[in-house]
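See below for the structure under consideration.
The values are calculated or read from the model by the stated rules, or taken from the named source; none is laboratory data. The model shown is predicted, which means the values in this text are computed figures rather than measured ones. So basically every Cβ, Gly included, is an ideal-geometry build from the backbone, and we count neighbours across all protein chains shown. Heavy atoms of the whole protein, side chains included, go into the accessibility calculation; ligands, DNA and RNA do not. Shrake-Rupley method; radii C 1.70, N 1.55, O 1.52, S 1.80 Å.
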Amino acid sequence: RFLLVAPGYLLFVQSGTLLAQRFDVATLAARGEPVAIASSVAAFARNPSLGFFSASDTGRVAWLSGQGDQVQLAWVDRAGRRIGSLGEPGPYGQIVLSPDGKRVVAEVADKDNLYDLWLIDVARGLGSRLTSDAANERDPVWSPDSRQLVFATSAGGDQDLLRRGLEGPEPAAPLPDGSGRTAG
């Protein structure tokens, strides 16, 4: 994963180090040698070049430190002080807090490094599995009322979007009118 940031730099992770390298957008060519910005940058276990970092238009860069596949979800206050933890340590990918603040949906890698979605109750800290296909279920997005999720699945061979209600036993289903279906 490469991220182009002003004024003409590429950011990327290599061997756990976040690097910046000049990039000429007119010629689409890297210039000079990369410069290290941070070490011990966390990345996906399945693809270490996909580091957890981001940059703003103001030049600020944020990254997640750490290595390994066991992550402890933690609550922090506005000053960055840890004030608690959530659930058990695990091989988490993306996590998304519900709009009402009562639940977290998390991508959790299985033994084959495929991601399933788990729902974690914030008050109790307990998780329950939402998906279990032999495919990747990723990129969860909450509905504004915290009652539904939309997520990507590779179960059909491509990346399709499914919607799942969380208030009853209804299974995940494609979006109405074929929205979110991969052409092919």
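Descriptive notes on the structure:
- For the stretch 1-47, a residue qualifies if it is under 13 Å from Leu64 (Cα atoms), open to solvent by 70 Å² or more (accessible area, probe 1.4 Å) and in contact (Cβ under 8 Å) with a residue 24 or more places away in the chain, and exactly one does: Ile37.
- First in the stretch 112-135 and part of a strand (DSSP E or B), second anywhere and open to solvent by 20 Å² or more (accessible area, probe 1.4 Å) and basic (Lys, Arg), Cβ under 7 Å, 6 or more apart: Tyr115/Arg138; Asp116/Arg129; Trp118/Arg129; Leu119/Arg103; Ile120/Arg103; Asp121/Arg103
- Candidate set from the stretch 138-184 (those that are of a type in the set (S, T, N, Q) and either open to solvent by 40 Å² or more (accessible area, probe 1.4 Å) or not in a strand (DSSP E or B) (or both)); member that is modelled with the lowest pLDDT: Thr182
- Selection from the stretch 86-111 of residues that are part of a strand (DSSP E or B) and surrounded by fewer than 13 Cβ atoms within 10 Å (Cβ to Cβ): Glu88, Pro89
- The single condition from (1) touching an Asp or Glu at 6+ places or on another chain (Cβ under 9 Å); (2) free of Cβ contacts under 8 Å to residues at least 40 places away in the same chain that Asp139 fails is (2).
- Taking the numbered list (1) under 28 Å from Gln159 (Cα atoms); (2) at pLDDT below 85; (3) touching a Phe, Trp or Tyr at 6+ places or on another chain (Cβ under 7 Å); (4) open to solvent by 50 Å² or more (accessible area, probe 1.4 Å) in turn, Ile83 passes all entries but (1).
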